Amino acid sequence: MKKFLFKLGLFVTVTLLVLLSLPLLDGNAATSSEFMAAMSDKHKRLASIDRPKLILAGGSNLIFGVDSETLGKKLNVPVVNLGLRAHLGLDFILNELRDVADKNDVVLLSMEYFMDTKGDEDLHRLASYYNPQALAYYTPKSNSVFKRFFEYRHMLYKKLISDWITKGGPAYTRNDFNRFGDGVKHLTMKAPSVLGSRYIIDSNKENEIKVLNDFYRFAQEKGITVLFTYSPYARSEYTLNQKELILLHEKFKDRMHIKMLGKPGDLVYPDSLFFDNVYHLTKSGRDIHTKKLVQMLSGETKTTGVNVRLVPAE
């Protein structure tokens with residue numbers, strides 16, 4: 001019996017030591033190169049700007065597809081790219097905006113077509129581990145500090161194993177962002193031969209429209225301007241999903257209160273302009289897409305009369 005209790009105690013001790021040491025292997029929010037830790041850097045940039053700004057919000061299409069520095073210079077307004085992962089879900093992304101957007105800001109929402117409202121729970125935990133403020137952006141299944149401790153350790157364990165297998169992947173670390181919040185490492189990399197993130201698109205977006213309208217009402221009360229645009233999209237995927245995308249656009253146009261900039265077909269580009277999936281643009285694609293956003297936002301096209309020339313640029 002004593003031998004059994006000794007082995008049990010040893011096992012528990014080793015297990016606890018491993019759990020406690022996991023954060024040491026991955027650093028902390030201030031030093032980690034984890035992709036999701038970049039949220040804190042983006043928030044610091046937001047806090048450093050004491051005048052109206054243009055905030056880009058959505059999934060990773062914004063990281064790979066926008067030159068925020070050029071956008072800011074052309075529109076004469078400071079720009080912050082908050083884009084991270086579409087799998088965070090709309091609820092999370094809109095709650096983040098409720099936290100960080102100020103009166104007279106302009107928010108440009110850019111949604112990937114597969115984005116849903118709830119998002120991925122593991123990704124929420126990862127975001128809140130590196131950015132404690134993100135705990136307010138989603139509803140954890142449990143508010144128990146004890147349970148959260150083990151959930152974070154389990155999440156770190158899975159992440160470390162995944163990183164060891166994949167080596168983190170090119171262009172997917174915190175160090176790959178510039179000060180505006182854009183991803184820049186991929187701009188000089190050779191694109192993979194196969195594009196990922198190919199999904200069959202469902203035009204049923206009732207939940208998404210509801211939460212977008214809820215956010216619009218919040219923004220109206222706070223004096224925040226909200227605009228909506230679709231994500232850049234590879235032509236081959238657009239062709240496959242065109243019927244559903246037309247239906248989706250009609251529903252958004254009829255039921256969503258946020259002003260829309262263009263329709264899905266306006267932001268479709270040749271597959272050769274995409275990097276590693278059907279939403280992530282190469283440097284050439286990014287330049288073209290940024291120019292198109294400038295035109296849409298400055299009122300230089302017939303798409304919209306909205307003008308965001310708010311204050312002198314940086």
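The values are calculated or read from the model by the stated rules, or taken from the named source; none is laboratory data. All figures in this text were calculated on a predicted structure; none of them were measured in a lab. As a convention, Cβ positions derive from the backbone with ideal geometry for all residues, glycine included, and neighbour counts pool all protein chains shown. Surface accessibility is based on the protein's heavy atoms, side chains included, excluding ligands, DNA and RNA. Shrake-Rupley method; radii C 1.70, N 1.55, O 1.52, S 1.80 Å.
Out of curiosity, is Leu123 in a helix (DSSP H, G or I), surrounded by fewer than 24 Cβ atoms within 10 Å (Cβ to Cβ) and touching a residue at least 24 places away in the same chain (Cβ under 8 Å)? Yes. Being of a type in the set (A, V, I, L, M) and modelled with pLDDT under 90 holds for only one residue in Leu123, Leu156, Leu135, and it is Leu156. Checking the structure you have, find out if any residue of the stretch 88-101 is in contact with a strand residue (DSSP E or B) (Cβ under 8 Å, 6 or more places away or on another chain), open to solvent by 10 Å² or more (accessible area, probe 1.4 Å), modelled with pLDDT of 95 or more and not in a helix (DSSP H, G or I). There is at least one residue in the stretch 88-101 that is in contact with a strand residue (DSSP E or B) (Cβ under 8 Å, 6 or more places away or on another chain), open to solvent by 10 Å² or more (accessible area, probe 1.4 Å), modelled with pLDDT of 95 or more and not in a helix (DSSP H, G or I).
If you go through the stretch 190-233 and keep only what is surrounded by 14 or more Cβ atoms within 10 Å (Cβ to Cβ), among the hydrophobic types (A, V, I, L, M, F, W, C) and over 24 Å from Asp102 (Cα atoms), you end up with Ala191, Leu195, Ile201. Taking the conditions (1) touching a residue at least 60 places away in the same chain (Cβ under 8 Å); (2) of a type in the set (A, V, I, L, M, F, W, C); (3) under 23 Å from Ser68 (Cα atoms) in turn, Leu212 satisfies each one other than (3). No other residue among Leu273, Leu248, Leu267 is within 30 Å of Asp287 (Cα to Cα), without any contact (Cβ under 8 Å) to a residue 60 or more places away in the chain, crowded, with 16+ Cβ neighbours inside 10 Å and in contact with a Ser or Thr (Cβ under 6 Å, 6 or more places away or on another chain) apart from Leu273. Once the stretch 67-87 is narrowed to residues that are polar (S, T, N, Q) and either in contact with a Pro (Cβ under 7 Å, 6 or more places away or on another chain) or not in a helix (DSSP H, G or I) (or both), the residue that is least open to solvent (accessible area, probe 1.4 Å) is Asn81.
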